[in-house]
Structure formats: structure tokens, C-alpha cells
Amino acid sequence: MASRRLVQLSNEHWIVLNIKRSTVHHLQRCCVHSRIKEDLEDENFKVLNILRDKDVKRFKWEKPPDVRTLSRADCMKTDMNWTSVWPTKAPFRWGSVPLPIRQGYRKKEYKLSAGKYGNAELVKIPNFLHLTPPHIKTHCQAIKKFCTEFPSELKNREIRKANFPLEVITSDYVTCGTSIRDPRSREVTVNVDLSVLKFDEHSVTKIKKLAGDKMDEKAMTLQLKSDRCPVRKQNFDFNVYTLTALYYESQEKEDWEDEMEESDWVKYQWDKTQSKKKILKLKHRIQQINSGEKTDLASSVSKSDPSVSVVDTEDDIQSYKSAFSNLKDEGDSRETLNAYKQSVLKLLKL
Amino acid sequence: MASVIYRIVSKQPSGYCINSSLLRSSSSLKCWQRCVTTFRTEISDPSEHSFDHEGQFYTIPKKDVQKIFMLNWMSPHEKNMNKMFQEFSILIRRPALEVMDILKRLNYNYPLTRFLLYGEMNAGKKFTMTHIMHYCRSQNWVLLTVPWANEWNCKRLDVSFNHHKESLFDLPVHSKILLEDFLLKNMSLIKEFTTSTTYEFSEHEASEQGIPLTDLISFGITRMKFANDVVGALLKELQILANNDKIKLLVTIRGINSFWRKTGQKKEKVQEIHAQQLTLVNQFMELLQSDTKNAVAMCSTESWVNDVTDRKSYLPTELMGKEGVDFLEPFLPIEVPKYGNAELQSVMDYYIDRRWIQAPEAKTLDGRAQIKFLSGHNPYQLYRVCVPL
């Protein structure tokens, strides 16, 4: 343990000397030291700290960075022109990108992945540093002189839709290579707004079946894509031919279309099903009971054909029809089942 | 001294505590208090239940329980619950009241009306049916019950070829169970009736015209070979009786969606039997499709019928398929939803009353909110959550 020795210097000032006697743990010593310090300072003692406080750091002179070893990114100003640094598509260069980017495998959980310096992982991945907003702005500014102004009458979307239902999308590619041709430029997409064309109930369902996933059923638009022919014009012609064929094919009705079975129906047709017979029979029977006829079960069925005496345009049968076809079309849900229940209750006069 | 007392207490059987508390609660003062509490009604006659009683418990009298529900209807688990609670109480819920309301207003001259109960698993379809069955029994209806239709598909007891139609398969043991169940439930109601025609079961054995209906049934029970044919005869007789205004008939089929599924039954070379090939299923489907007067069919679709992997759907079309809906229509779909907030509170009150919930923390508002959240408003889950409490 450290011993303390009080030395009297003058009349009022006392000094405590801390002298290390044995190999004492540093921390322990510090504690003892600070305790003595606290005790004594209250009583106007000053402590001579022979072993210096470790936590007070000495001033250290730092070397300024060597300008010759700095990369371009380090020297960049915040308001420099990025388009001049990265004018075109290029693989990643760590020296020119002033961003703290990291990429790669983390060897330990607490370690960070490698920084950008000499990082091959960053070179492998594609970057979009040549497509920043200022780039695009300058590109647009450069092309602007080749463009004509968009007609102001067609700025309204609906007018444009009504007058130009056909939308043709093609793209051109500019590259600094040996060939000015790009194989992707032959692709043609044609968007058609089908609400302009004339369709009846049958042809709508037929074109839906024929077009398949090319058609957006809700918006009634058709999207035809083609890259099968070598030239753009041929592809466009093919798309238009497809459109024509689809339209006229959907207008025709073949004989075998009437032979569709229930599983093929797009919409449930209640009039063609057994359900209608069943309900009409039930309705006929209910009417008989209500009018007070006392007929046997067997005779009532054979005597009169129910479809003659019961009119299927009656209110409760119509409501049943709509509710049941709704149940079949939209599937089960709380709403459809409730509507169905109400219609049955109506049928049973409850 | 203290240790001695402790030992005596610990030696008491565990049931004693509950027993004594129930005994105390049935003293006259407590009885009066029970009437006052909001979660019970003392009206045990379901025909007097109205929408005012929604969310309250009523107790089915013990003689009815023994007669109607004890044998085949209740599962061992539910029997155990009754033993624990020392009574058979059910919550009066909206779907049951709705059906009973329709039954009260229905014109019974109309052809057979079909109800279809649907709802999520463990939502309480069975107890809704129990309530309605109890109502019909109180009105002296004849109950024809299929407690679990999927049993015909899954429980492999015995299969035999049908004598009359080659493509069909008989289930004699299941038919016997059905007949026994029917006889036990309706013994007093069908005593006087006699058969209207002769039924020939084989070359040597036939039942003559004019014998009592109970004899026909007991013939089916004793001669199990013909049990399935007897079921067919019984259904026909019941239809004739109902058409002549002699009885009112309630047909209860739990898990009707098993009628349109493959079964696990096998017979000799026929390895896969569809449920439509079973004679019992055909007989019941004939009954459901007939336009019998004075008859009501109450069916339920159950997700339990499906494989373990797909039991999420509970809506009728998903479970029965299109054929099922086409066969059953026009039906009255009745949804059995999960508990609402008021129902949940009254069930928890009941559990506290029956000492199913004993922990004091669970009885507080906070505890109740936690139980409500954990159960997800599902009746069976609510029961399960309260097990350790």
C-alpha cells in the first residue's frame, strides 16, 4: 500500500507525498490516491502528484496529409461537375468516386465489409454513375434541338386516347461501336385501346379467350409485342395483322361454341342449367300449396309442366337468379352468401 | 403442528375443492344470485328463447342430455367438459336463434328446407346444431342424426356389396349404429306407427306390411347383414309419415362435404371407393333431394373432413365443390362466426363461475384482455387458453 507522508512547507500549506513502496496494482493505487486527494483537498491541502495522471494526454503533433498521395476523389470540391468526371458508362474506379462505398463478404460479424480502395467486387457489378439526374438533364438539352414541339391540343389524355387508339413503341440505340445497327431496335410494341372497336357480348368473351394474357381485361387494352422478324417494319406489320385477325375472329361464331359445358363458361348462365328447372318446380309447388290445392306429390309433377304455369320473370325468381349466378361467378364470400340467403328466404316467402 | 395440517390438506383428492365450491354455489342464496347474474337464463325451454337472450347460457335438463346427446352426438372431450362443469350449458348464439326464428315462421307444407351451417374450425357449429336439435325435440320432432358423416369414409369397420345394385357398397356396422341411435332418440315418438309396404331383403327374409316401425328397426339391428337396407326402408317410411302430417322430421348431417370425397374403404379388388358409391350416402342424398313435407334438413360443412394440409378454407363451395352446391341448392346458408366481444365476456364469466378460471390475475380487466387476445375470439382456443389458469 502507498503510504502518505505529510510535509509541512510553511505555516499553512501541507504537502502529501505518495511514495510507491511495493508492487501495487495501478488501479488500486489510483483509487487510494484519489481518495486521499479528496480527503485532503477539503482541508486546504494541495497534493503533489508524483506519478502523473495517465488520462491527461500530451499534445501530439500530426503530420499534414501528403498531397501527392491523395486520390482524385479526396481532392474533389463539393460543387464540381459530376458529368465531366463520369461522362459515359464505365466500370467502377475507386479513385474517382467520392462516396464511402463498401462491398464484399464480412469475415466476422463485427467487421465491416471491405472499402472501395482496390475493391474488385465493386468493379464486377454494374453501376449507374453515368445516369445521374444532371447527366440526363444535359443529354436532354443536347437532343432538344432535334425535337418538335408536342401539339397543345393533344395534351389532354382523353382526347389523345380517342383520336389515337393505336400506340406504337419502338426504341433506337446509339453506341460507339463498329456497327450502327443494334438487334434490339427491331422490337415493336403496339398498344391498342379496344373500347374504340365494336364488340358484342359474345365477341368480348371470345377475344378475351383468344388474346389470353396479352389482354388487360379490366382496362380493355391489348398489348402486342413482336421481335420475330428481322426488320422493324415487318414486326409492325405482323402486330397489325395479329390485331386484325383477333378482331375478325372474335366477331365470328362457330357452331361448336354452343356446345360449351358448364366448366367452360366464362359467366354462369342460369337459364341453361338444371338449377332453373329445380327452382321453377319448387316455385310451382309453392304456388300450388298457397292456392290451397291438395294434390299428391306424384300427380302434381306429372300433371302440369312447371315451366308453363310459372313465369320465370317473377321478382323472387329473378332475385334468386342474380344471387346464385353471383355466387357462382365471384365465389363464396360473406356478402354473396348473405345475398343468396336473402333471395332463398324471399323464395320461401319468409 | 403446521406440517401435520399441511399433510392432511394435501392428501385430499383434487376434485374435492371444485366439488365443494359447486355445492356451496347451489345453496338457495347462491341460486338466487345465479338468476340475477347476466350470463345465465333460467329458461331451459329453447322455444322461448328470443334475441333478448343472445349471449347468455342456458342449461339443458339432464334427462334430455341423457336421451338425445349422450350416446353418439357428444365427443369424449365434450362429455369430459360436462363432467367438469357438472351441467350441460350452451351459449345462446345468433345463428341458432336465426334458424329457430325461421323454423317458427316456416310453412311446413313446402318441400324440405335445407339449412347449411358454415364457419371456421371450432367456431361452434356443433353446439349451434345441438341447440336447434334441443328446440326440435321440445316440439316433439323426430330426430334423424348423422353425428359425423366423415366416419363413413374413414372408419373402416365392414364393407359389403349391395344386393340390389352392384355398383353400391353397404356399410352394415355404420348402419347399425345409425339405427340404434335413431331408436334410442325417438322410441317414444314412433311407437305407434306401422310400415306401409312390404320390404324384401332377400329371398327368405322380408318384413310384412303393417308391422310396427320399431320392429323393423330392431330387425336391422339384430340382422346386421340387412342393416343398410333397413336404413333405406326407414327413410322411406319416415318420408311417408311426414307427408301424411303424422310427424315432423329433422335430419341433421354433420360434415356433409364428406359426401363428395374419396373414402378410405376397400372391398376385395375395389381399392378406391368414392363416397357417392356408398349406399348410405345415396339414401341420404335421395332424402335430401325429395320434396317431403314437414321435414327440415340441417347440414354443416366441416374443414376437419379435409386433409391436415388444407384446412384453411371454410366456405361452402370450397369445401363441397360445385357438385355439392348444385345438389344442395336452394339452401339457406347460415354463418356461425367466432365470438363477439359480449359473448367472449359472458363465456369468461361462466368459466369463472365454474372455477375453470381460478387465477386472480386472470379475473382482472387486464387479464381478460390478454385472454381475449390469446384466444383470437375462437371458442375452442378460449377454452384451451384458460386450461392453466
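First check a/c for the protein assembly as shown, with a ≥ b ≥ c the square roots of the eigenvalues of its C-alpha gyration tensor; if it is under 1.5, answer rounded, and if not, answer prolate when a/b is larger than b/c or oblate otherwise.
Oblate, because a/c is 1.5 or more while a/b does not exceed b/c.
Based on the alpha-carbon gyration tensor of segment A:132-237, what equivalent-ellipsoid semi-axes (square roots of 5 times the eigenvalues) come out, in whole Å, largest first?
Whole-Å semi-axes of the equivalent ellipsoid: 33, 21, 12.
Only Cα pairs within less than 10 Å get springs; with that Gaussian network setup on chain B, which residue of B:LEU280, B:LEU328, B:LEU106 has the largest fluctuation?
Sorting by GNM fluctuation, first place goes to B:LEU106.
Under the rule of at least 5 residues apart or a separate chain, name every residue whose amide H is placed under 5 Å from the amide H of A:TRP86.
Those qualifying (amide H under 5 Å, at least 5 residues apart or on another chain) number zero.
Tell me which lysines have Cα within less than 19 Å of A:LYS124's Cα, excluding those fewer than 8 residues away on the same chain?
A:LYS89, A:LYS116
If I fit a long axis through the Cα atoms of helix B:213-222 and take the longest principal axis of the Cα atoms of chain B, what angle between them do I get, 0 to 90°, rounded to 10?
With both axes taken from Cα atoms, the answer is about 90 degrees.
Just to confirm a number: summing +1 for Lys and Arg and -1 for Asp and Glu over residues other than A:ARG186 whose beta-carbon lies under 13 angstrom from that of A:ARG186, what do you get?
Every neighbour counted, the sum reads +1.
Would you kindly derive the ³J(HN,Hα) couplings of segment B:84-95 from the backbone phi angles with the Karplus curve 6.51 cos²θ - 1.76 cosθ + 1.60 (θ = phi - 60°), listing them in order in whole Hz, with x for Gly and Pro?
5, 7, 6, 6, 10, 10, 10, 7, 7, 10, 4, x
Are any of the pairs A:LYS278/A:LYS349; A:LYS341/B:LYS312; B:LYS185/B:LYS225; A:LYS272/B:LYS293; A:LYS267/B:LYS262; A:LYS349/B:LYS312 more than 25 Å apart by Cα-Cα distance, and if so, which?
A:LYS272/B:LYS293; A:LYS267/B:LYS262; A:LYS349/B:LYS312
Highest mean first, how do A:200-207, B:281-288 rank when packing is the count of other Cβ atoms within 10 Å averaged over residues?
B:281-288, A:200-207
Take every residue in peptide B:328-337, count the Cβ atoms of other chains within 10 Å of its Cβ, and give the average of those counts.
Mean partner shielding for this stretch: 5.
Determine which residues of segment B:167-182 fall in the zone a paramagnetic label at B:SER218 would reach in this model, i.e. backbone nitrogen under 20 Å from the point 7 Å along Cα→Cβ.
B:175-182
Give me the distance between the Cα centres of segment B:48-77 and segment B:157-172, rounded to whole Å.
Using only Cα atoms to place each centre, the spacing works out to 36 Å.
Among A:LEU122, A:LEU70, B:LEU319, which comes first, then next, by fewest other beta-carbon atoms within 10 Å?
A:LEU70, A:LEU122, B:LEU319
Measure out, as a whole number of angstrom, how far apart the alpha-carbon centroids of segment B:189-258 and segment A:114-141 sit.
86 Å
Would you give the gap between the C-alpha center of segment A:259-284 and the C-alpha center of segment A:159-201, rounded to a whole Å?
Cα centroid of segment A:259-284 versus Cα centroid of segment A:159-201: 44 Å apart.
Nearest 500 deg cm²/dmol is fine: what mean residue ellipticity at 222 nm does the protein assembly as shown get from its DSSP H runs of n ≥ 4 alone, each adding -39,500 (n - 2.57), divided by its residue count?
Helix-only estimate at 222 nm: -12500 deg cm²/dmol.
Between B:LYS269 and B:ASN341, take the C-beta separation as r, use R0 = 56 Å, and let me know the FRET efficiency to the nearest 0.05.
0.45
Based only on other Cβ atoms within 10 Å, what is the fewest-to-most ordering of A:VAL240, A:VAL97?
With the fewest neighbours first, A:VAL240, A:VAL97 line up as A:VAL240, A:VAL97.
Using a cut-off of 12 Å between beta-carbons, work out the net charge of the residues near A:GLY115 (Lys and Arg +1, Asp and Glu -1, A:GLY115 not included).
Charge balance in the 12 Å sphere: +2.
Can you give the extra length, in nm with one decimal, that the chain gains between A:GLU254 and A:SER96 once fully stretched, where that is 0.36 nm per residue apart less the Cα-Cα distance?
50.0 nm
Compare the peptides B:298-309, B:170-181, A:170-181 by average per-residue count of other Cβ atoms within 10 angstrom and give them in order, highest first.
B:170-181, B:298-309, A:170-181
Tell me the net charge near A:LEU129. Cut-off is 12 Å between Cβ atoms, A:LEU129 excluded, with +1 for each Lys or Arg and -1 for each Asp or Glu.
Overall, the nearby charge balance is +2.
With a/c under 1.5 counting as rounded, go ahead and sort segment A:84-150 into rounded, prolate or oblate using the C-alpha gyration tensor (a ≥ b ≥ c being the square roots of the eigenvalues; past the cut-off, prolate if a/b is larger than b/c, else oblate).
Prolate.
Between B:THR113, B:THR317, B:THR252, where does the largest GNM mean-square fluctuation fall for chain B, given springs only between Cα atoms within less than 10 Å?
B:THR317
Given 0.36 nm per residue, what is the gain on full extension from B:GLN139 to B:ILE211 after removing their alpha carbon distance, in nm?
Additional length available on full extension: 23.3 nm.
Quick check: residue separation of A:GLN287 and A:GLU330 times 0.36 nm, minus the Cα distance between them. What number comes out in nm?
12.3 nm
Once R0 is set to 22 Å, what does the formula 1/(1 + (r/R0)^6) return for the Cβ-Cβ distance between A:LYS277 and A:ASP315, expressed as a FRET efficiency to the nearest 0.05?
0.65
Return one number: the angle in degrees, 0 to 90 and rounded to the nearest 10, between the long axis of the Cα atoms of helix B:227-243 and the longest principal axis of the Cα atoms of chain B.
80 degrees
On C-alpha positions alone, give me the angle between the axis of helix B:15-25 and the longest principal axis of chain B, in degrees, nearest 10.
Orientation of helix B:15-25: about 80 degrees from the principal axis.
Percent antiparallel among DSSP beta bridges with both residues in the protein assembly as shown, to the nearest 5?
Taking every DSSP beta bridge with both residues in the protein assembly as shown, the antiparallel ones total about 55 percent.
In nm, to one decimal, how far is the modelled label at A:ILE169 from the one at A:VAL67, with both set 7 Å along Cα→Cβ?
Label-label distance for A:ILE169 and A:VAL67, simple model: 5.3 nm.
For a footprinting-style exposure proxy, rank B:MET84, B:MET74 by other Cβ within 10 Å, fewest first.
Listed from fewest to most nearby Cβ atoms, that is B:MET84, B:MET74.
Every read-out reported here was derived from the displayed coordinates using simple, explicitly stated rules and does not represent laboratory data. In this text the structure is predicted, and so the values were computed from the model without any measurement. With ideal geometry, Cβ positions are generated from the backbone for all residues, glycine too; neighbour counts draw on all protein chains shown.
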